[in-house]
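Working notes, beginning with the structure itself.
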Amino acid sequence: MKKVLTMLAIISVTLFTGCKNDDYVAINGGPCPAVIATTPVSGATMVGRSKVSSVIASEQAARTTIITATFNKKMDPKTINESSFKVNSTVAIAGVVTYTDSTATFTASSKFADNTTFTARITTAAKDLMGTTLQADYVWTFSTGTTILPVVITTSPLNNDLNIALNKVVTANFNMALDPATVSGTTFIVKQGTTNVSGTVSYNGTMASFTPNADLSVNTLYTATLTTGIKNLDGSAIAKDTTWTFSTSSVVVPTVIFTDPTNLDANVALSKTISATFSILMNPLTITTSTFTLKEGTNTINGVVTYSGSTASFKPNSDLTAGKTYTATITTGAKNIVNTPMLADYTWTFSTPLIASSPSFVNLRSVERFAIISGVGVSNNAGASVINNMDVGIYPGARTSITGFPPAIIMNGNLFAADDGAATAAMLKQAKLDLVAAYLFAESSTAMAPQTVSGNQGGKTLAPGIYKSTSTLSVDGSDLTLDAQGNADAYWIFQIASSFKTTTGGNIKLIGGAQAKNVFWQTGSSATIGTYTTFNGSILALQSITMDAYAVVTGRMLARNGAVVMTSTNIINKP
């Protein structure tokens with residue numbers, strides 16, 4: 001039984017606006033909506049083919065013939081329907097969708113065909129009771145025969161997409177590994193009308209890519225086709241040719257779609273690196289201190305500007321000043337890779353805290369931008385995990401040591417590896433040095449007298465401070481609550497000599513104004529975040545970090561020497 005991989009097709013970087021902070025969890029009682037179980041399970045074979053009806057006497061028979069998806073929370077029933085729950089083989093399957101409790105059910109209108117591979121999809125049209133959508137389509141495949149055929153899960157661009165960038169790489173993601181020899185210019189074709197587009201076809205993991213040899217034409221319709229010549233490792237071909245169309249943009253104007261800090265942010269760290277993410281790739285030569293400026297009033301702040309992926313960063317030469325309001329500007333001198341400028345200057349403001357942070361506060365410096373950084377490997381073992389508004393990096397490890405991206409996706413962030421080039425390697429090296437410094441600082445901090453703790457911390461409520469364990473530490477079976485007692489600048493440092501873990505039911509809860517960005521877990525060996533737990537704070541681990549299935553973190557997973565492993569459908573939000 002083969003593992004089904006899914007991914008969200010990303011045409012340009014878009015701002016994720018739902019379910020990304022502690023406020024959502026506190027107000028709405030849980031993490032982002034997600035599919036946590038399906039019947040049939042992903043990769044199932046020999047699935048029952050009978051029509052589901054009220055006259056079926058056997059509960060077991062009914063269970064093996066319906067298609068269901070169970071969510072981690074109650075959903076808005078109005079959004080669970082035939083538009084958000086779809087089943088396909090080579091054609092769309094007719095059926096009726098119902099919703100009860102937290103489970104959506106698709107009942108086929110006729111028998112499933114024999115020896116056929118089916119694709120089920122819950123789309124982002126599905127929303128929870130607060131109106132928050134799934135963060136990506138959830139897709140799984142199953143078969144009524146003994147074999148699951150290769151299936152196109154998603155494409156980028158999507159079918160009928162408009163305003164596609166002229167330098168777009170056309171991609172298709174499959175539900176399983178393919179025979180690389182069958183993915184070529186004869187089986188992955190892009191046409192403009194009847195004319196073939198010249199390009200290079202490549203294949204990696206479960207993704208096939210078509211890279212045009214030259215920019216596409218402006219305001220033009222293109223057709224992409226994947227033929228039945230594409231086969232999996234067992235020699236089974238896709239069931240039919242897959243074709244989709246998209247149109248290029250008439251004018252490709254770059255825009256700023258995300259900033260860090262965001263507009264009107266308060267209490268921004270004095271050591272903050274300011275960044276702006278663009279809608280499309282930019283010409284790096286136009287991203288300079290002349291086009292990316294920072295001011296306090298009329299005073300210009302000196303700093304260094306860098307550009308990577310689609311994000312420009314401004315690092316001040318010295319820390320910002322407490323109690324000040326700053327204005328950042330991206331000017332129309334910033335241009336995309338075909339030298340089209342922005343239509344207008346983009347300006348946003350933010351402020352620093354009235355009182356500078358305590359010298360005992362852990363300063364992450366340049367590693368603050370990372371949701372994940374590791375020494376030897378980053379992996380997403382299963383499911384469409386999501387990292388929101390932060391980067392992922394590995395140093396000194398290579399890009400080949402990063403696996404599972406996709407189906408894991410990074411929203412408003414980038415993925416970096418030590419072998420991406422000298423500039424990226426230097427940036428990652430500095431981030432790793434800053435992580436080591438932050439780790440050592442947290443490990444030895446005595447600004448407040450450390451309080452000794454040991455064993456299971458579940459069920460406790462802890463005031464701000466430094467908590468020291470001389471061996472292992474756990475949050476097992478019940479919540480650990482951190483109470484800021486009305487002080488939004490309150491912080492916690494946990495100094496853990498050995499391993500640290502949370503288990504199911506062992507959430508880290510914040511009350512009294514506590515903020516995840518002010519919580520640090522220095523771990524002397526490895527850390528594990530338990531299944532279905534909600535975790536707050538940044539882990540600074542000497543060795544590895546593992547996120548068990550469906551764990552949701554508001555914070556960072558920073559491993560000095562080991563790997564960071566996402567087990568299944570994990571979420572990391574910016575603190």
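The values are calculated or read from the model by the stated rules, or taken from the named source; none is laboratory data. Keep in mind that this is a model prediction, so the values were computed, not measured. Note that we place each Cβ from the backbone using ideal geometry, even for glycine, and neighbour counts take in every protein chain shown.
With the requirement that a residue be surrounded by fewer than 16 Cβ atoms within 10 Å (Cβ to Cβ) and in a loop (DSSP other than H, G, I, E, B), what does region 240-252 give you?
Of the residues in region 240-252, the ones surrounded by fewer than 16 Cβ atoms within 10 Å (Cβ to Cβ) are 240-241, 243, 245, 250-251.
Those that are surrounded by fewer than 16 Cβ atoms within 10 Å (Cβ to Cβ) and in a loop (DSSP other than H, G, I, E, B): Lys240, Asp241, Ser250, Val251.
Of (1) in contact with a Gly (Cβ under 9 Å, 6 or more places away or on another chain); (2) surrounded by 18 or more Cβ atoms within 10 Å (Cβ to Cβ); (3) not assigned by TED's automatic domain parsing to the domain that holds Val47, Thr141 satisfies all except one. Which?
The failed condition is (3).
From the list Ala165, Ala172, which one is modelled with pLDDT of 90 or more and among the aliphatic types (A, V, I, L, M)?
Numbers: Ala165 fails: modelled with pLDDT of 90 or more.
Residue meeting the stated conditions: Ala172.
Conditions first: (1) within 14 Å of Phe292 (Cα to Cα); (2) loosely packed, with under 14 Cβ neighbours inside 10 Å. Gly333 passes all but one, so which condition is the exception?
(2)
Restricting attention to region 241-253, does a residue exist that is within 30 Å of Ser89 (Cβ to Cβ) and free of Cβ contacts under 8 Å to residues at least 24 places away in the same chain?
If we filter region 241-253 for residues that are within 30 Å of Ser89 (Cβ to Cβ), which is where we start, we get 241-247.
Checking which are free of Cβ contacts under 8 Å to residues at least 24 places away in the same chain leaves us with 241, 243.
Yes: region 241-253 contains one or more residues that are within 30 Å of Ser89 (Cβ to Cβ) and free of Cβ contacts under 8 Å to residues at least 24 places away in the same chain.
From the list Val170, Val183, which one is closer than 26 Å to Val338 by Cα and touching a residue at least 40 places away in the same chain (Cβ under 8 Å)? Walk me through it before giving the result.
Details: Val183 fails: closer than 26 Å to Val338 by Cα.
Checking each option against the conditions leaves just Val170.
Those residues that are out of contact with any Lys or Arg (no Cβ under 6 Å at 6 or more places or on another chain) and either closer than 21 Å to Ala269 by Cα or among the small types (Gly, Ala, Ser) (or both), I need them from region 461-481; list them, please.
Matches in region 461-481: Ala463, Pro464, Gly465, Ile466, Ser469, Ser471, Gly477, Ser478.
In the list Asn81, Asn88, which residue meets the criterion of being modelled with pLDDT under 90 and either not assigned by TED's automatic domain parsing to the domain that holds Ala239 or not small (Gly, Ala, Ser) (or both)? Lay out the reasoning, then the answer.
Values: Asn81 fails: modelled with pLDDT under 90.
Just a single option satisfies the conditions, and that option is Asn88.
Yes/no matrix, rows are residues, columns are (1) touching a strand residue (DSSP E or B) at 6+ places or on another chain (Cβ under 9 Å); (2) in the same structural domain as Leu415 (by TED's automatic domain parsing); (3) at pLDDT below 90:
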{"residue": "Thr277", "(1), (2), (3)": "yes, no, no"}
{"residue": "Leu285", "(1), (2), (3)": "yes, no, no"}
{"residue": "Gly303", "(1), (2), (3)": "yes, no, no"}
{"residue": "Ser313", "(1), (2), (3)": "yes, no, no"}
{"residue": "Tyr326", "(1), (2), (3)": "yes, no, no"}
{"residue": "Thr340", "(1), (2), (3)": "no, no, yes"}
{"residue": "Ser360", "(1), (2), (3)": "yes, no, yes"}
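Please give the number of the condition Ala125 fails out of (1) in a loop (DSSP other than H, G, I, E, B); (2) under 18 Å from Val151 (Cβ atoms); (3) in contact (Cβ under 8 Å) with a residue 40 or more places away in the chain.
(2)
For a quick check of your reading: which strands (runs of 3 or more DSSP E) sit entirely within region 324-420 and have at least 3 residues that are more than 24 Å from Ala431 (Cα to Cα)? If you could, list the steps in order and put the result at the bottom.
Numbers: elements: 325-330, 346-351, 370-374, 377-380, 386-388, 391-394, 409-411, 415-417.
Once the strands (runs of 3 or more DSSP E) in region 324-420 are filtered for at least 3 residues that are more than 24 Å from Ala431 (Cα to Cα), what remains is 325-330, 346-351.
Looking at region 150-161, is at least one residue surrounded by 14 or more Cβ atoms within 10 Å (Cβ to Cβ), farther than 18 Å from Thr227 by Cα and assigned by TED's automatic domain parsing to the domain that holds Ile238?
Yes.
Taking only pairs six or more apart or across chains, which ones have beta-carbon atoms under 6 Å, a first residue in region 494-510 that is in the same structural domain as Ala438 (by TED's automatic domain parsing) and more than 7 Å from Asp479 (Cα to Cα), and a second residue that is in a loop (DSSP other than H, G, I, E, B) and of a type in the set (Phe, Trp, Tyr)?
The qualifying pairs are Thr504/Tyr532.
Output the residues belonging to region 452-490 that are farther than 16 Å from Val519 by Cβ and β-branched (Val, Ile, Thr).
Thr452, Thr470, Thr472
Select the strands (runs of 3 or more DSSP E) contained entirely in region 164-233, then report the ones holding at least 1 residues which are surrounded by fewer than 21 Cβ atoms within 10 Å (Cβ to Cβ). Outline the logic, then answer.
Numbers: elements: 170-174, 188-192, 199-204, 207-212, 221-226.
Fully inside region 164-233 and qualifying: 188-192, 199-204, 207-212, 221-226.
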